[in-house]
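Okay, so here's the structure we're looking at.
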Amino acid sequence: MHLHTHSSYSPMQGVPTLEKLCEAVRAQGQDTVALTDTNGVYGAIRFLDVARETGLKPILGTELVSRSHRAVLLAKTPTGYANLCRTLSARHCDDSFDLIGTVARHRTGLVILSDDPTALTVWSQESREDLYVELSPGSPMHEAIMFSRARRLPPVATTRALFLRSADYQVHRLLRAIAENTTLARLSADQCGVSSQWLMPEANLARYVPNLPDALVNTHRIAEQCYTDWDFKETIFPSFRQLSAGAAFETLRSKTYEGARWRYGKVSQDVKQRIERELTVIRDKGYADYFLVVDEVVRQAPRTCGRGSAAASIVSYCLGITHVDPIRHNLMFERFLNPGRHDPPDIDIDFPWDERPKILEWVFTHYGQRHAAMVANQNTLATRAALREIAKVYGIPASEIGKALNLFQRRADFVEVMPGMTVKSWATEVCRALGLRTPWPEILYWSVHLENHFRNLGLHPGGVVLVPDEIRRYVPVEISASGWPVIQWEKDQTEDAGLVKIDLLGNRSLAVIRDALAAIKRNTGLTIDYATWDPISDPATNELIRRGDTMGCFYVESPATRLLLKKLWADMPPPRRAVADVFEYLVIVSSLIRPAANTFTEEFVRRAHGHRYGSPHPLLDDVLAETHGIMVYQEDVMKVAVALGGFSVEDGDQLRKVLSKKHKAKQLQDYQRQFYEGAGARGVERPVIDAIWAMIMSFAGYSFCKPHSASYAQVSFKSAYLRAHYPAEFIAAVVSNEGGYYSAFAYLSEGRRMGLTILPPDINASEWAYTGSGTTVRIGLMQIKSLQEDLAKRIVTERQTHGSYRSLHDFLDRVKAEIGQAKLLIKAGCFDSIAGELTRPALMWRLFAAHATKPHGYLPIRPEYSFQKNLAHELALFGFPLGCHPLDLFREVIAHIPHIPAKDLAQHVGKDVTVIGWLITEKIISTKKGEPMEFITLEDQTGLYDAAVFPNTYRRYCHLLATNQAYVVTGLVEEQFSVVTLTVKELRLLSTCGQAAQFDPIEEVVV
Amino acid sequence: MDRQIVCFAIPSFEVAVARLNDPTLRTRPLAIAPLNTSRALLREVSPEAEDEGLSVGMSLEHARRVCPSLHVLSPNPYRVHTADQSLLSVVTCYAPVWEPAQSGSFTMDVTGTGRLFGSACDVAAKVQREVLERYQLDGVAGVGSNKLVAQIAATLIEPSELYDVRPGSEQVFMSPLSVRTLPGLHRPCMRKVLERLDDLNLCTLGEVAESPLAALELAFGNYAGQLSRWAQGIDHLPVLPPAIQPRLEEAVLLEPDEIDDPLLKGRLLDMLQRLCRTLRSQRRVCGNLSLTIRYSDQLEVAKRECVRPETCWECDLSPVVVSLFQRCVRRRIRLRAMTLTMTGLTAHVEQVPLFDERPVDEQRRQDRAKKLAVALDTLHARFGDHAIRYGRSH
């Protein structure tokens, strides 16, 4: 019986996945298996499912390892599991962790296996019960046997399996080299396991302990003693100030009505009925504490946005957790909570990204680390990360890795997998096709083996678990790099284990709105109250959204959304346009833009324009009427499953939920069968069922429910209002908060198109962040690369306290900046306004003189830097040229290329044209056939335009595509719904005088 | 007495030598690059290839795309060595002291030879003419009052031309040249100097020369003096004949780039063995050992260690080499090249200590190692470097 096995959840040690491990154990004829991942139970909940599906009884355990001691702990009882979690938490959280002492304190319900003589001696003095000497091939077995005999402690044989076959040892070594940040040659023996740590069958293991039959018999005895009927179904709610259930509910009721009067003024009958209906469900499900806790958290910040299905609740709305009126926008509470729903829905709240740490701090201070912990993100080696890390082990420099990864991302799909091809030959073939030399084929080959391997714990963007008693009895807790306690499970396992989480997430757009509102107050004295501000009826904002001028606006700024908005409104017949609600359509549009739903968008626009359409099936006529017969929201999955597939509401909701999970193949298969059978029984024809199931599958991975989109659309409207009425303050806030869909350069370009003037940084005018007022935006010191934030803030504080700087000398006297930092400021032109007759090189000389130890005489005044040199400085410091458009650098070359400006594209519909463009953003997608293609957004000095590079063209030009490069683009101008796009036929990288542009791509944009 | 220095060089020497051997190559774009490696860089290019947009240092792969008609030859060290010797036979007729700069390039100190051969300018012209007549190699010649000026002058002209910088006009000559013309500024260790020159907008040597030394010192510290002197065309370094060259160097270019420590150490010890053999043949000992490594991403790291007492034996120097390797190789990046340099070279003193304080075992071990080294020297001299090599036992 295998009592000591490691899966890929032993971080950077164990090789096999849970599925492969369980299959291998089952193939050896075993009926029980213990999973003992190193210092954790990272995959425990998934292991229980997988083991049971494979027909194995699961034992939960761990291999506890500290610097000087080790032991395998197996949970014999549920109490033992709680003690296991406590011990592991101590291992990760206590600086002075003592393995021997901690295990001794928490050994109730645990079976202990170890070959550590010191530890065994101490533990055996207290009790010999459930204590075994572990004998494994590859470890000092002779000493262990001698010890076992001397102390008369029973032996037990284990494999300490880190991999399934001895051939996998190389994969293990590679994992260790990645973890240890070293190379294979430098990996020392104590940094990795030994080659005998494979999952050897019992017969093989018996050969290592020929004279100790007990060692194998004991494995069976222990397996029989250990608990295997694990059940984590009970939901564990947080507790609000330790109130009783009744008291908590009464508190919630009174707070809700108080909030209703604040929201509605007078509580109408409709509102009252809705509140009562919701409160009844909340009381029955025991959710009152949860609402009160979230309410308390939300009150810590003045600007929040409730996301997810909780926005469908009037109770949330009245408490101020969400800000969208569910009655006005027809949002169904049942999507959030219904009597039949078994799993606990969570409430997600967005806070301005820079305020979130304070909120978390408040939660942990208020509830204490005994009750609260963050949910983890289990970081795995995704394809790119696996390639990158293995390449590092092979000593490939970062720049070469970057180039190769770019090639893999863009072109690896082009190498077809032929029948009979091995992974090795495939890797060789791919590398040959991409021109990648040794050792890349080897790197690619190993990356396939390491893909999705659990690497380390990260923090979920905002998930917090609160329990009424002690969190460490449910799951081990670690301390994250940022100092927060974090549980060992990611959100799916957390939820499956019955723990309810609250998502406290960071949102940059809330910070954009906050900063813009503050700037407006500063510049104009006007105060806009965030809570009561309703931009939905503002005509200018509605018009801006209809035009798709939403760059910088939360949630609706991507090229795809902007294009869809333009298509939707540009050609909408006037009678429809007159009655169509911009907000309602924005809610639909923002839900419709998801990776798998591209095919439905154009049909949606046609239907929105009044084109007649046939419903896929009459049973769906009513269900999808609101969205013109197209499935848009997550709840549509539930509705369609119920109406067509004969699902119960609970099953429909489960199907909706399973679609968004990672490990869903098996469950999805069951639901598919159920759907096909149900629809078939209702007389629906097979092709129709196929089509509808395909629509359901388009919700996999990334989709939204209506309440969520409505809640977000409200923030979008607020952003759009600011863009329409206060463009300078808005653009400054967008760039300052970073992290939008586009680069800082692209936003500033958009600002210029909006009529704003971009001013350079100035030592007496710039703040750390960008500042906007009237028609100007001043670049903030934050844009100067490598300038330290604390220095920049010191500069601003000193200026505000003691007045403007009068000269470089005055600045150096007052701020004491390091020479390197002061150089950055000089090159960025920050001193130009106070330099007088001194040029930037002359300022440099005076800077060196100020830092010299001996007195100096005459200092020359060198002429100003050349235009080219200034440009190079701007590119290095800001990431983009300041005084001109990047395409101006190619003016001479462009003059010889016949082309049209981007603003004239609409005049050439149906014709082939050539345009010049600076690539702003790109999105690579796969066609239905799995061929890669790309949507790109470019701009010239006259405007922004979108283009599509379809697979055949993409194959030829993909190696040329990268953001922040100049291109000559030739293609066909096409118009659809009055929106003009370009279908690329030819693409050329624009160069100066026959040479490629001499600077690196200017900012990395995450696509 | 004013010094008279001549720098004579054959531009693109390997190309020129190759064309001598195969006249059909004379009119077509030609480049020299190693052909046994996939990531070779061009070592030399012909003027025709330059016209097609090729330059030294460009990757062979890229060069072939830019110029499909390019003819590429692999370096031929034997042929180059023979041609070098031929040039030398002319140079030594005129110069009492000469220093090889690189293949096909010599710096000659002809100070005081006026009565024998005429002025330095005449000597340069004679060497140029003689080399052309005897070997059909068309050279350039720079004449000046020091090595720096003569060498820079030789780089500014076309074959058959001669650039004579008259004494006293060095500063005028240097003034319009870019600061990047100065030797050594392209080295990684000089990056900071280049950066500061750029900060101060000092683009030409004239601009440097005009700047007060005290002001330069603020930016360049101790290096300011040499920078200022060089910018004015002042260089006191003597022309050094090879016999008293103060250093011995062995370099290895790894193909492909390598990160396997045992293999790299093996290559280093091979290099050490060759250097020690040269030392022993010159009856010299080494007092300093330095290792320079270049990573795949072109970053260079150099470390140096003193060797006391000075020695010429591998058994004494191997631990130093291993220690240098460990100090140099700290990053997890493959190595592209390694250079082992011996400096502090002095004559070998035969006298051994009268009372050797080393333990007897140690003495025996070292004696055995030395005997083995001498035996290996003999074998290598007779059968070549690869006839017998050190291995490693596990």
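Readers should treat all values here as calculations from the given coordinates under stated rules, not as data from a laboratory. Please read all numbers here as calculations on a predicted model, not as lab measurements. Every residue, glycine as well, gets a Cβ built from its backbone with ideal geometry; the counts of neighbours run over all protein chains shown.
Of the trypsin sites (Lys or Arg not before Pro) in region B:285-394, the ones in a loop by DSSP (not H, G, I, E or B) with at most 16 other beta carbons within 10 Å are B:Arg330, B:Arg331, B:Arg389, B:Arg392. Taking the Cα atoms of region A:132-270, the ratio Rg/Rh between the radius of gyration and the Kirkwood radius comes to 1.39.
Where both residues lie in region A:2-225, what percent of DSSP beta bridges are antiparallel, nearest 5?
On the way: 9 of 26 bridges.
Once the DSSP bridges in region A:2-225 are tallied, antiparallel ones form about 35 percent.
May I ask for the Kirkwood hydrodynamic radius of the protein assembly as shown, worked out over all distinct Cα pairs and given in angstroms to one decimal? One decimal place: 37.9 Å for the Kirkwood radius. Using C-alpha pairs under 8 Å with a sequence gap of at least 6, the mean separation divided by the residue count of region A:596-731 gives a relative contact order of 24 percent.
Relative contact order (percent) for region A:510-713, with alpha-carbon contacts under 8 angstrom and 6 or more residues of separation? Walk me through the intermediate numbers first.
Numbers: 196 pairs, mean separation 40.7, N = 204.
Computed over region A:510-713, the figure is 20 percent.
On a per residue basis, the convex hull of the C-alpha atoms belonging to region A:605-750 measures out at 155 Å³.
If the reach is capped at under 22 angstrom between alpha carbons, list the lysines near B:Lys370, excluding any in the same chain fewer than eight residues apart. Answer for B:Lys370, where 22 Å is the Cα cut-off: B:Lys265, listed by chain and number.
Mean separation of Cα pairs under 8 Å and 6+ residues apart, divided by the residue count of chain B: what relative contact order is that in percent?
Numbers: 638 pairs, mean separation 49.7, N = 394.
It comes to 13 percent, rounded to a whole number.
Specify whether the C-alpha gyration tensor of region A:2-225 places it in the rounded, prolate or oblate class, a ≥ b ≥ c being the square roots of the eigenvalues: rounded for a/c under 1.5, otherwise prolate if a/b is larger than b/c and oblate if not. Numbers along the way, then the final one.
Values: a/c = 1.19, a/b = 1.13, b/c = 1.05.
Cα axes put region A:2-225 in the rounded bin.
Here is the list for region A:649-737: chymotrypsin sites (Phe, Trp or Tyr not before Pro) lying in DSSP coil, each with at most 15 other C-beta atoms within 10 angstrom of its C-beta, are A:Tyr702.
Within region A:1-98, all pairs of alpha-carbon atoms sorted by distance into 5 Å bins from zero give the percentages 3, 14, 24, 25, 18, 10, 4, 2, 0. Peptide A:391-400 is shielded by partner chain Cβ atoms: per residue, an average of 5 of them sit within 10 Å of its Cβ. Over the Cα atoms of region B:246-351, the radius of gyration divided by the Kirkwood radius equals 0.99; this is the Rg/Rh ratio. Calculated over region A:886-996, the projected area of the Cα convex hull averaged across directions stands at 6.9 nm².
The alpha-carbon of A:Lys566 sits under 14 angstrom from the alpha-carbons of these aspartates and glutamates, leaving out residues fewer than 8 places away in its chain: A:Glu543, A:Asp549, A:Glu557, A:Glu602, A:Asp946, A:Glu975. Counting, for every residue in B:291-304, the Cβ atoms of other protein chains within 10 Å of its Cβ and taking the mean gives 1.
Using the count of nearby Cβ atoms within 10 Å as a rough guide to exposure, how do B:Phe106, A:Phe408 rank from fewest to most?
Working: B:Phe106 24, A:Phe408 20.
With the sparsest Cβ surroundings first, the list reads A:Phe408, B:Phe106.
Taking trypsin sites (Lys or Arg not before Pro) across region A:67-163, the ones in a DSSP loop with at most 14 further Cβ atoms lying within 10 angstrom of their Cβ are A:Arg67, A:Arg128, A:Arg152.
Tell me, A:Asp690, B:Asp84 in order of fewest to most beta-carbon neighbours within 10 Å?
On the way: A:Asp690 10, B:Asp84 19.
Exposure proxy ranking, most exposed first: A:Asp690, B:Asp84.
Taking the convex hull of the alpha carbon positions in region A:382-451 and averaging its projected area over all directions gives 4.2 nm².
Under the definition of partner shielding as Cβ atoms of other protein chains within 10 Å of a residue Cβ, what is the mean value for peptide B:200-211? Write down the numbers at each step before the final one.
On the way: counts 8, 13, 4, 5, 0, 0, 0, 3, 0, 0, 1, 5.
Mean partner-chain Cβ count within 10 Å for B:200-211: 3.
Calculated on the alpha-carbon coordinates, the convex hull of chain B measures out at 198 cubic angstrom per residue. For region A:755-877, the percent of C-alpha pairs falling in each 10 Å distance bin, counted from 0 to the bin holding the largest distance, reads 12, 44, 34, 8, 1, 0. Candidate cross-link partners of A:Lys521 among the aspartates and glutamates, defined by an alpha-carbon separation under 18 Å and a same-chain spacing of 8 or more, comprise A:Asp529, A:Asp534, A:Glu729, A:Glu767. Near A:Asp346, once Lys and Arg are set to +1 and Asp and Glu to -1 for all other residues with Cβ below 11 Å from its Cβ, the sum equals -1. Electrostatic tally near A:Ala90: other residues with Cβ closer than 12 Å to its Cβ, Lys and Arg +1, Asp and Glu -1, net 0. Fewest neighbouring Cβ atoms within 10 Å first, the residues A:His4, A:His908, A:His611 line up as A:His611, A:His908, A:His4. By the scheme Lys and Arg +1, Asp and Glu -1, what is the net charge of all other residues having a beta-carbon under 11 Å from that of A:Ala643? Charge balance in the 11 Å sphere: -1. Take the convex hull of the alpha carbons in region B:173-231; its mean projected area over all directions comes to 3.5 nm². Given the options B:Leu182, B:Leu200, B:Leu60, which has the most mean-square fluctuation in a GNM of chain B, springs set between C-alpha atoms less than 10 angstrom apart? Among B:Leu182, B:Leu200, B:Leu60, the largest GNM mean-square fluctuation belongs to B:Leu200.
Each label was represented as a point 7 Å from its Cα along the Cα-to-Cβ direction; for B:Asn222 and B:Ala251 these points are 2.6 nm apart. Relative to its Kirkwood radius, the Cα radius of gyration of region A:477-625 gives an Rg/Rh of 1.08.
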